[in-house]
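What follows is a set of notes on a single structure, which appears directly below.
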Amino acid sequence: MTKNKSMFLILLLAVMQASAASSTYKAVRLTEKIVVDGILSEPIWENAPAISGLLQRNPEEGEPATQKTFVRIAYDEDAIYFGVRMLDTAPDSIVSRLSRRDNLSTEDHFALAIDSYHDHRSGFIFGLSAGGTFLDGVCYNDDWSDDTWDGVWDGKVRIDDQGWTTEFCIPFSQLRFKTQDEHIWGINFLRVIARRNEESWLVYTPKGSAGFVSRFPELTGIKGINPSRNVEVLPYTRLKAAYTHPEAEDPFHSKSEYSPDAGADIKIGLSNNLTLDMTINPDFGQVEVDPAVVNLSDIETFYREKRPFFIEGASTYRFGQGGARSYWGFNWSNPNFFYSRRIGRAPQGEEPDNNYADVPDGVHILSAAKVTGKLAGKWNVGTMHALTRKEIGQFSLDSETFKAEMEPLTYYGVFRTQREINDSRQGIGMVATLTKRQFGDQRLRADLNDNALSFGLDGWTFLDTSKTWVFAGWMGGSHIEGTPDRMTALQRSSRHYFQRPDTKNISVDSSATSLSGYAGRFHLNKQRGNVIVNSAVGFISPGFEVNDLGYFYRADVINGHLGTGYLWTQPGKVFRSADVIGAIYQSYDFEGNNIWRGVFLLWECQFLNYMEVNARAFFNPETINKYRTRGGPLTLSPPGMGYDASFETDNRKLWVLDLEVGGYHCSSNEWSSSIGVELEWKPSSNVEVEVGPSIEFIREFAQWVDVFDDPFATRTFGNRYVFAEMEQTEISANIRLDWTFTPKLSLQLYMQPLISTGDYNTFKELDRPNSYDFNLYSGDQIVRSNGEYEIDPDGAGPADSFSFENPDFNYKSLRGNAVLRWEYKPGSTLYLVWTQNRWNDQLDDEFSFRRSFRHLSTAQADNIFMLKATYWWSL
């Protein structure tokens, strides 16, 4: 669903155009102090040259803005100032809303972008809504943006009978630029008039084209200033109170636990272009909770990073996606060399046998530091280093307590650099990561790698002067070291499955003390004009592994696609814009098995009334499945067809509806179907409510249960691979309330109820490799007792029986939190957070929403309260 469209989303979609790219504008030196109050009363706002002439990108591309805007720019030795007068012939129709920072809804706002490096690729974004909401972020890769950066700056707005005005004060300490006598920067402006869905720019990118920062006109006249090397200190104090419900015999936990803490973040300007961020006893706990997920696959769940230290400047470490503005992938496990949630995750050591345990939820980060900026004015660089503590767990077994190491002392490091060449027509970069562990308990060496190293090179080149065609790609390698037991476990993990009995070229080496691999992907795209082309070929070798500090989920794959599409960018009689896209895709493993292929079609359109419809369909012929048996022999995946579609109403309205449906069908007993509704309500100018219920039905013909050794199962290499048909029903909802009292004070409420049930039936085993055939267990072969199934696989035959626990599940969860945020002075914030979690997994004979909801509502709740205060100093 497209919602809360701010300038960042517009930038991300490559918004703007170059009718004024050759223009030059001038800033004026101040001789008096400016009071930032939103009232343009100072003489400079009358005398400085005005910049005007904004042009529409929407709704009438290339036409003058319907309302005039005048921007004046001034500066002193500390900051740059912008005074903006936005005339409006209907000032009572200005949409003035209050929302939390960086979360603009459909409201009037003004934003500016500054390319202070003047590298035509990157920049800083600052904006204010008519209601006074702040937005800021950074531009990178010419077309993309990232709103995770929060600068320390000031701005005010004022609505009057002529329209509205705004003043910006942006300290030079928040920008990055070179030392020189006179500065030349890039500049751009955006004004949004919400009632018309009008977006007007000083310079905009034509629809169907590319390039944003590279189109900025020049800002001159700034002299006698120097890049700041100031020191910023942000100390914090925190008090956490947890009220939970441990068992009465638990020797480690009480119903009420309190934990105070303190630390500091420090930012130091190392040089004109390099900044050091470091922390002392960092508070890396996240404020927003992760969603509850029921994962029945063999793939690790990916969670977004939400901790401020890691999300700020995260685009610096993005690898393999420069140059081109769009990177498609179909069933491609694109490796992420740096996945910051590896740092501070839950301890990975296997717990010893116990009745009760006290193990930290996350590994404590002793310290972390990062350096970002430019070297020699040409190389973008970023490096991050973190040291995590050795974590000790406490355990109790049969009234005896003891301790065990659960995570060793660990160092994590990442280095990223990139350089644009020839006016950004080419680029080259590299990334390297290192993970090194110091084990106090040698037992953990069977659970974790000793060392992990990865390295990659990436780059791009445009193939023509208009930057229509672009070739981009990356290659990388990995090297892991550890004990033979650990390397054996890694080779047998779900990312590799070296133990497959019918594999030809790979096998488990139980004496190995290292594992190495390589990967790469190359793209050829046409990204200008109405006709687009998107193609790629990628490969991940069987031994490639980056999950110590990165994320990927499948090795041993060769993947490619070829796609094309047509964009209708100008309004017609029915549609305001539309596009149609088609693609074919294919995946093989390194032995030549065809493990996935298909055809994909996509249709998207926006009607003249701003309603949107998206629909896509895809068909997958029969292919080989090397993952279903989880390290066992190959099977077949039957052909299937899938679809999904969405409908969204005009998001400027008081009520906004988003309807989404989807499904996949292989046969009458193997299909899935889902429907979700998201309703947004704006009852007042400072309150937004979102309610998004959804329901999904899944019917699996061959859901994994377990594998059992049996020398008599000769057709399946001495193992019995047990499956079942499964009927799963999942009901969930995302509920949000945003209540903004002032631009600096807001309350956020979030709640996610989840009910997921699974009924396993018709148990069976794989009949033979390279098939989708199964042998059903008859009634006299199955005995169910005391929550277990006992299977006699061959009746009167010689095979031993085996048993497994009832795999049925009925998981009920309710997660939520409330966050009161007050920025009581620029850069200084007070948080009050309440988090609640409750769950229940009691099995019912059959699914009943009412009964499941009753179990959830009566489940005991764990409540956590946190008070945190930060104070920003600039030294």
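The values are calculated or read from the model by the stated rules, or taken from the named source; none is laboratory data. The structure presented is a predicted model; accordingly, all values stated were derived computationally and were not measured. Note: ideal-geometry Cβ built from the backbone for every residue, glycine included; neighbour counts use all protein chains shown. Heads up: the accessible areas ignore ligands, DNA and RNA and are worked out on the full protein's heavy atoms, side chains in. Shrake-Rupley method; radii C 1.70, N 1.55, O 1.52, S 1.80 Å.
What to note about this one:
- Charged neighbours of F741, selected by a Cβ distance under 14 Å, balance to +2 (K, R count +1; D, E count -1).
- Per-peptide average of other Cβ atoms within 10 Å, ordering 831-837, 184-190 highest first: 184-190, 831-837
- Surface/4 estimate of mean projected area, convex hull on alpha-carbon atoms of the range 421-488, nm²: 6.2
- Computed over the Cα atoms of the range 349-404, the ratio of the radius of gyration to the Kirkwood radius (Rg/Rh) comes to 1.37.
- Set against the 2.2 N^0.38 Å expectation for a compact globular protein, the range 758-875 has a Cα radius of gyration ratio of 1.92.
- Largest to smallest in accessible area, the residues M866, M384, M641 fall in the order M641, M866, M384 (1.4 Å probe, all protein chains included).
- Per residue, the range 378-445 exposes an accessible area of 47 Å² to a 1.4 Å probe, with every protein chain left in place.
- Size descriptor, Kirkwood hydrodynamic radius, that averages inverse alpha-carbon separations across the chain, Å: 30.1
- In the full protein context, the range 524-646 carries 39 Å² of accessible surface per residue, based on a 1.4 Å probe and ignoring ligands, DNA and RNA.
- Where trypsin sites (Lys or Arg not before Pro) fall in DSSP loop in the range 430-511, at most 10 other Cβ within 10 Å: K504
- Summarising the overall dimensions of the range 115-208 from its C-alpha atoms, the Rg and Dmax are 14.8, 44 angstrom.
- GluC sites (Glu not before Pro) restricted to the range 741-848 and DSSP loop, no more than 15 other C-beta within 10 Å: E846
- Computed from the Kirkwood radius of its Cα pairs, the Stokes-Einstein diffusion coefficient for the range 338-379 at 10 °C and 1.306 mPa s stands at 114 µm²/s.
- Each part gets one Cα centre, and for the range 671-741 versus the range 380-428 those centres are 31 Å apart.
- GluC sites (Glu not before Pro) within the range 241-291, DSSP loop, no more than 13 other Cβ atoms inside 10 Å: E247, E249
- Cβ-placed point charges (K, R +1; D, E -1), dipole of the chain about Cα centre in debye, nearest 20: 3220
- A Förster radius of 22 Å, combined with the Cβ-Cβ distance separating E790 from D298, puts the computed FRET efficiency at roughly 0.30.
- Cα-based Rg of the range 89-168 normalised by 2.2 N^0.38 Å, two decimals: 1.18
- Within the shell of other residues whose beta carbon sits under 14 angstrom from the beta carbon of S494, the net charge comes to +3, with Lys and Arg scored +1 and Asp and Glu -1.
- When the C-alpha to C-alpha distance is required to be over 32 Å, the pairs from K390/K868; K156/K467; K504/K764 that qualify are K156/K467.
- Ranked from largest, the principal axis spans of the Cα set of the range 87-245 equal 60, 45, 34 Å.
- With eigenvalues of the C-alpha gyration tensor scaled by 5 and rooted, the range 245-305, Å: 36, 24, 9
- Exposure of L239 as accessible area (Å², to 10), given a probe of 1.4 Å and all protein chains: 90
- For q = 0.13 Å⁻¹, Debye-computed log10 I/I(0) when each Cα of the range 116-159 counts as one equal scatterer: -0.34
- Estimated vicinal HN-Hα couplings, Hz - the range 484-490 in sequence order (Karplus 6.51, -1.76, 1.60; Gly, Pro = x): x, 4, 5, 5, 5, 4, 5
- The separation of the range 215-238 from the range 578-643, counted between C-alpha centres, amounts to 47 Å.
- Calculated SAXS-style log₁₀ I(q)/I(0) at q = 0.12, 0.15 Å⁻¹ - the range 653-802, Debye, Cα scatterers: -0.69, -0.86
- Computed from backbone phi with θ = phi - 60° and the Karplus coefficients 6.51, -1.76 and 1.60, the 3J(HN,Hα) list for the range 422-439 is 6, 6, 6, 6, 10, x, 9, x, 8, 9, 9, 10, 9, 10, 9, 10, 10, 8 Hz; x is used for glycine and proline.
- Each Lys and Arg contributes +1 and each Asp and Glu -1, all at the Cβ; summed about the Cα centre of the range 707-820, the dipole is approximately 960 debye.
- Pairs of Cα atoms farther than 26 Å apart, the range 184-321, %: 62
- Pairwise Cα inverse-distance average, inverted: Kirkwood Rh of the range 250-360 (Å): 18.7
- Here the 3J(HN,Hα) profile of the range 324-333, calculated from phi with Karplus coefficients 6.51, -1.76 and 1.60 at θ = phi - 60°, is 6, 9, 9, 10, 8, x, 10, 6, 10, 7 Hz, Gly and Pro shown as x.
- Relative to the longest principal axis of the Cα atoms of the chain, helix 849-858 runs at roughly 70 degrees.
- Protein accessible area in the chain, 1.4 Å probe - carbon and sulfur %: 54
- Diagonalising the gyration tensor over the Cα atoms of the range 66-131 and scaling each eigenvalue by 5 before taking the square root yields semi-axes of 25, 16, 12 Å, largest first.
- Separation of the range 182-213 from the range 479-556 is 41 Å, based on Cα centroids.
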